[in-house]
There are 2 protein chains.
Amino acid sequence: MKASTNYSKATHICIYLNIKEKELINSAELAESIKTNPVVIRRLIGLLKSHEIIASISGANGGFYLKREPENISLWDIYLATREEDFFKRPKVNPACLISSNLEILLHDSSLAAELSMKNELETITIKDLSLNLMHIVEEQGVDEEVTN
Amino acid sequence: MKASTNYSKATHICIYLNIKEKELINSAELAESIKTNPVVIRRLIGLLKSHEIIASISGANGGFYLKREPENISLWDIYLATREEDFFKRPKVNPACLISSNLEILLHDSSLAAELSMKNELETITIKDLSLNLMHIVEEQGVDEEVTN
DNA sequence: TCGTTCTGTAACTTTAAGGGTTATAGTTAA
DNA sequence: TTAACTATAACCCTTAAAGTTACAGAACGA
């Protein structure tokens, strides 16, 4: 359905910003954690900024921080910020076929309803919940190191 | 990386098989309608066969037909037949990062719940419903031709 | 029974979108 | 003024979906 990994990466970033004691994290540090490029991080955070999830400070010693309290950022918020245009992708329309040329309208309502039905589930889980869960997992694993590095 | 269009194409095929008066449709005719290759059609129908949605007859004058009544094939059935492994795609795990290495387990339950929540919406729409809707649309459009070609 | 017309699949090639990279303008702290 | 950041455009690379070729197996009909 979706080829992009933005939802997972965005969640990772939010947990990171919440867990780290530092108030500002720059894109190089986040990129190191996700093993990607700082530009990729900044591009993805651009989506989260326009949804008021993350904010940034430019210039020397700048970086990113959560714009809302972690208990006020749900997975549904992150989903909306990273969602793609079409919930179900469609092949190119064949104008000579009346099924193909009407398929979008035929499937539109049910696709919208299916996507919206996820809201009830995803809005109940917040970045605070996930951060606490992570702490419990790490305690059980008895890992003797920082959560982020 | 590219996202699959199998859900849309599978729905197209089921409506086609339902609407056409002929009892058997071959992959060449379906490919012409979707503007793709017969092999692509047969590969996709393989998924629908294993879910008892479509059946086939080999040999000369062979082809495909709906294995169930159209009112007993829902969009949820088609979704399950064409769904991919991961509901939300994840980037490669960074073992050096405790967030990355635990992200799958952190997101697992909510992802499963979100996917399952679509069932309530998609199982209410059947191939019969979509076929009837298409007929209404075509009547309104006043198109003076066959629905399939 | 032999040729024709289908399905089923494997193996390979092509294409396009996600993601990585380079470059550079703008911003802020020291 | 310099250094360390963000923001973004423009490009390149990689990979999975989709397309293609090839052929074995199945069924029909002359």
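The values are calculated or read from the model by the stated rules, or taken from the named source; none is laboratory data. Fair warning: this is a prediction, and the values are worked out from it, not measured in the lab. Because the Cβ atoms are built from the backbone with ideal geometry, glycine has one as well, and the counts that use them run over all protein chains shown. What goes into the accessible areas is simple: the full protein's heavy atoms, side chains included, and nothing from ligands, DNA or RNA. Shrake-Rupley method; radii C 1.70, N 1.55, O 1.52, S 1.80 Å.
Quick look at the values:
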quantity: Residue satisfying all of: in region A:56-72; more than 8 Å from DNA strand D (Cβ to nearest atom) and more than 14 Å from every other protein chain (Cβ to nearest Cβ); least open to solvent (accessible area, probe 1.4 Å) among these; calculated: A:L66
quantity: Identity of the residue in region A:80-95, over 30 Å from A:T126 (Cα atoms) and within 15 Å of DNA strand D (Cβ to nearest atom), that ends up farthest from the other protein chains (Cβ to nearest Cβ); calculated: A:V93
quantity: Residue match in region B:11-31 (condition: surrounded by fewer than 17 Cβ atoms within 10 Å (Cβ to Cβ) and within 24 Å of A:K89 (Cα to Cα)); calculated: yes
quantity: Any hit, region B:34-51, residues being surrounded by 17 or more Cβ atoms within 10 Å (Cβ to Cβ), modelled with pLDDT of 95 or more and at the interface with another protein chain (Cβ under 10 Å from one of its Cβ atoms); calculated: yes
quantity: Any hit, region A:28-41, residues being in a helix (DSSP H, G or I), on the phi < 0 side of the Ramachandran plot, more than 10 Å from DNA strand C (Cβ to nearest atom) and under 15 Å from the mean Cα position of the chain (by Cα); calculated: yes
quantity: Close pairs (9 angstrom Cβ cut-off, 6 or more residues apart or separate chains): on the phi > 0 side of the Ramachandran plot in region B:53-66, near DNA strand C (Cβ under 6 Å from one of its atoms) anywhere; calculated: B:N61/B:N26; B:G63/B:N26; B:G63/B:S27; B:G63/B:S56
quantity: Tally, over region A:1-10, of residues that are surrounded by fewer than 22 Cβ atoms within 10 Å (Cβ to Cβ) and of a type in the set (K, R); calculated: 1
quantity: Answer residue from region B:10-27, given it is aliphatic (A, V, I, L, M) and in a helix (DSSP H, G or I) and is farthest from DNA strand D (Cβ to nearest atom) among those; calculated: B:I19
quantity: Among the residues listed as A:I19, A:I105, A:I78, the single one being more than 16 Å from DNA strand C (Cβ to nearest atom) and touching a residue at least 60 places away in the same chain (Cβ under 8 Å); calculated: A:I19
quantity: Matching residues in region A:89-125 - criterion: being hydrophobic (A, V, I, L, M, F, W, C), open to solvent by 20 Å² or more (accessible area, probe 1.4 Å) and assigned to a loop (DSSP other than H, G, I, E, B); calculated: A:V93, A:A96, A:I125
quantity: Meets criteria (at the interface with chain A (Cβ under 7 Å from one of its Cβ atoms) and either more than 20 Å from the chain's Cα centre (by Cα) or part of a helix (DSSP H, G or I) (or both)) for B:E140; calculated: no
quantity: Which listed residue is modelled with pLDDT of 95 or more, at the interface with chain A (Cβ under 7 Å from one of its Cβ atoms) and within 25 Å of A:K119 (Cβ to Cβ), from B:L130, B:L112; calculated: B:L130
